[in-house]
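What follows is a single structure, written as structure tokens, with notes after it.
The values are calculated or read from the model by the stated rules, or taken from the named source; none is laboratory data. From a predicted model like this one, the values you see are computed outputs, not experimental measurements. Here the Cβ is made from the backbone with ideal geometry for all residues, glycine too, and neighbour counts use every protein chain on show.
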Amino acid sequence: MSPLQSVIYKKKKSIKPIWLMRQAGRYLPEFRKIRKKNADFTKLCLNAQKIKEITLQPIKRYDLDAAIIFSDILMVPYGLDQSVKFKKNFGPSLGPISLNQIKEYPKLQFKKNLDSIYKSINLVKNDSLISKKDLIGFVGGPWTLLIYMLNKNSPKKKLKKILSDKPLILDMIKYISVFLEQHIKYQIKSGVDIIQIFDSWAGLVKEKDLEDFIYSPTKKLVKFTKSVNKPCICFPRNIKNYYEYIKIVKPNVISIDYNVNPEKIVKKINIPVQGGMDPKVLLTNKKNLEKVANHYLNIFENHPYIFNLGHGVLPQTDPDMVDYLIKIIKKFNGKSS
């Protein structure tokens, strides 16, 4: 059994496996070379050979315990024929889409639109580099995708207008979830071992709407993932109440963001925990990095824990700092074994 799955299923406490959100990305010079030649990010996310190459870049460089497929949560709206573009210094920009378009969209066409992603998963899974490592697939949470699809970009403006139409939100979440389930299904069929649900904008939801917008739709995706015998990690960033979320949604692992107090979490949560460290710590120095990383390791010493960050690796991160972090974790594991 792999290190991650030993923690997830056996609740093993003696090892702390490590992988990082956005471990394949802009901080790596080898990724920047590819990106320079591939200006259209959407097309890059649909190039099976390039997806494989980028996914394996950090695995070639570091002693990580898992690979995460190089993709983007917005490939699902792309699969539904919503225009998805990524603008430099702006972020994602999406075209118009209607409830009827999502509701009536053919499932086979959706799969066909994203087939290159599933092909890339198969290519990565069959590579000897990850023969003893897990391959992680992912989707965005239904709420987070809804926000991007309706707002057409990062939800910093116009959110109030969107939230005023609750019936539309509920219908959109319902039908978006159908295609998220499809995307999970085809990723698993293609070879991923674990699914992570990124709900990056969960913290925007008011307490009165958590059940309808976050808990209930995410619970269905978690239940589906478990029904096909794969574990599910949930990352509800800045969620109001992690304990309530876990009780209702029932993920195999809860991934915490860097605003969470790990000392409080470890006392109240009985499932494996992932993450927490602020990515900005990697921008400091080795002495500080060692201090903060060991702080998390010591807090979770007697709790099943997967080391990760509280968000993705930042573009300005020095790859040598990532290497040093991984060595800190491996050294800790050596002491524990």
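Is it the case, given these coordinates, that Gly141 is more than 22 Å from Arg26 (Cβ to Cβ), buried (at least 21 other Cβ atoms within 10 Å of the Cβ), touching a Leu at 6+ places or on another chain (Cβ under 7 Å) and at pLDDT 95 or above?
no
Can you tell me which residue among Gln196, Gln187 is closer than 27 Å to Leu114 by Cα, in a helix (DSSP H, G or I) and at pLDDT 95 or above?
Details: Gln196 fails: in a helix (DSSP H, G or I).
Matching residue, one of Gln196, Gln187: Gln187.
For residues that are among the polar types (S, T, N, Q) and modelled with pLDDT under 95, scanning just segment 56-99, find the one that is farthest from Asp323 (Cα to Cα). Spell out how you get there, then give the answer.
Here is the first cut: in segment 56-99, the residues among the polar types (S, T, N, Q) are 57, 71, 82-83, 89, 93, 98.
Right, trim to modelled with pLDDT under 95 and you get 89, 93, 98.
On the way: Asn89: 28, Ser93: 34, Ser98: 45 Å.
The residue in question is Ser98.
Quick one: Ser6 ticks every box in (1) in contact (Cβ under 8 Å) with a residue 40 or more places away in the chain; (2) under 16 Å from Phe307 (Cα atoms) bar one, so which box is it?
(1)
Considering every residue within segment 241-263, establish whether at least one is under 25 Å from Pro3 (Cα atoms), among the acidic types (Asp, Glu) and crowded, with 19+ Cβ neighbours inside 10 Å.
Yes.
Can you tell me which residue is surrounded by the most Cβ atoms within 10 Å (Cβ to Cβ) among those in segment 1-53 that are of a type in the set (D, E, K, R), under 19 Å from Ser120 (Cα atoms) and in contact with a helix residue (DSSP H, G or I) (Cβ under 8 Å, 6 or more places away or on another chain)? Walk me through it before giving the result.
Filtering segment 1-53 down to residues of a type in the set (D, E, K, R) leaves 10-13, 16, 22, 26, 30, 32-33, 35-37, 40, 43, 50, 52-53.
Then drop every residue that is not under 19 Å from Ser120 (Cα atoms), which leaves 22, 30, 35, 40, 43, 50, 52-53.
Pick out the ones that are also in contact with a helix residue (DSSP H, G or I) (Cβ under 8 Å, 6 or more places away or on another chain) and you get 30, 35, 50, 52-53.
Numbers: Glu30: 15, Arg35: 16, Lys50: 19, Lys52: 22, Glu53: 19.
Result: Lys52.
Condition check ((1) in a helix (DSSP H, G or I); (2) polar (S, T, N, Q); (3) over 18 Å from the mean Cα position of the chain (by Cα); (4) over 30 Å from Asp171 (Cβ atoms)) across all residues:
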{"position": "Lys12", "(1), (2), (3), (4)": "no, no, yes, yes"}
{"position": "Gln23", "(1), (2), (3), (4)": "no, yes, no, yes"}
{"position": "Tyr27", "(1), (2), (3), (4)": "no, no, no, yes"}
{"position": "Ile51", "(1), (2), (3), (4)": "yes, no, no, yes"}
{"position": "Leu56", "(1), (2), (3), (4)": "yes, no, no, yes"}
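Would it be correct to say that Val222 is of a type in the set (A, V, I, L, M), free of Cβ contacts under 8 Å to residues at least 24 places away in the same chain, within 22 Å of Leu20 (Cα to Cα) and surrounded by 15 or more Cβ atoms within 10 Å (Cβ to Cβ)? I'd like the intermediate steps shown before the answer.
On the way: of a type in the set (A, V, I, L, M): yes; free of Cβ contacts under 8 Å to residues at least 24 places away in the same chain: no; within 22 Å of Leu20 (Cα to Cα): yes; surrounded by 15 or more Cβ atoms within 10 Å (Cβ to Cβ): yes.
When the stated conditions are applied, Val222 does not pass them.
Can you name every one of the helices (runs of 4 or more DSSP H) wholly within segment 224-337 that holds 1 or more residues which are over 22 Å from the mean Cα position of the chain (by Cα) and over 20 Å from Lys13 (Cβ atoms)?
Details: elements: 242-249, 262-268, 286-299, 319-336.
Because the criterion is at least 1 residues that are over 22 Å from the mean Cα position of the chain (by Cα) and over 20 Å from Lys13 (Cβ atoms), the helices (runs of 4 or more DSSP H) in segment 224-337 that meet it are 286-299, 319-336.
Which one of the conditions (1) touching a helix residue (DSSP H, G or I) at 6+ places or on another chain (Cβ under 8 Å); (2) surrounded by fewer than 23 Cβ atoms within 10 Å (Cβ to Cβ); (3) more than 18 Å from Phe110 (Cβ to Cβ) does Phe179 fail to meet, given that it meets all the rest?
(3)
Taking segment 144-183 as the search range and keeping residues that are β-branched (Val, Ile, Thr) and either within 15 Å of Asp199 (Cα to Cα) or touching a Pro at 6+ places or on another chain (Cβ under 9 Å) (or both), which one is modelled with the lowest pLDDT? Steps first, please.
Within segment 144-183, the first condition is being β-branched (Val, Ile, Thr), and the residues that meet it are 144, 147, 162, 169, 173, 176, 178.
Then keep just the ones that are either within 15 Å of Asp199 (Cα to Cα) or touching a Pro at 6+ places or on another chain (Cβ under 9 Å) (or both); that gives 144, 147, 162, 173, 176.
Details: Thr144: 95, Ile147: 92, Ile162: 69, Ile173: 97, Ile176: 97.
Residue satisfying both the conditions and the ranking: Ile162.
For Pro77, only one of the following conditions fails: (1) out of contact with any Leu (no Cβ under 9 Å at 6 or more places or on another chain); (2) within 21 Å of Ser190 (Cβ to Cβ); (3) buried (at least 21 other Cβ atoms within 10 Å of the Cβ). What is its number?
Pro77 satisfies all of (1) out of contact with any Leu (no Cβ under 9 Å at 6 or more places or on another chain); (2) within 21 Å of Ser190 (Cβ to Cβ); (3) buried (at least 21 other Cβ atoms within 10 Å of the Cβ) except (1).
Given (1) out of contact with any Gly (no Cβ under 7 Å at 6 or more places or on another chain); (2) among the aliphatic types (A, V, I, L, M); (3) within 22 Å of Val253 (Cα to Cα); (4) in contact (Cβ under 8 Å) with a residue 12 or more places away in the chain, identify the lone condition not met by Ile59.
It is condition (3) that Ile59 fails.
How many of the residues in segment 199-242 are of a type in the set (Asp, Glu) and either at pLDDT 95 or above or on the phi > 0 side of the Ramachandran plot (or both)? Break it down into steps so the answer makes sense when it comes.
The initial filter retains those residues of segment 199-242 that are of a type in the set (Asp, Glu), namely 199, 207, 209, 211-212.
Next cut, either at pLDDT 95 or above or on the phi > 0 side of the Ramachandran plot (or both) only: 199, 211-212.
Number of matching residues: 3.
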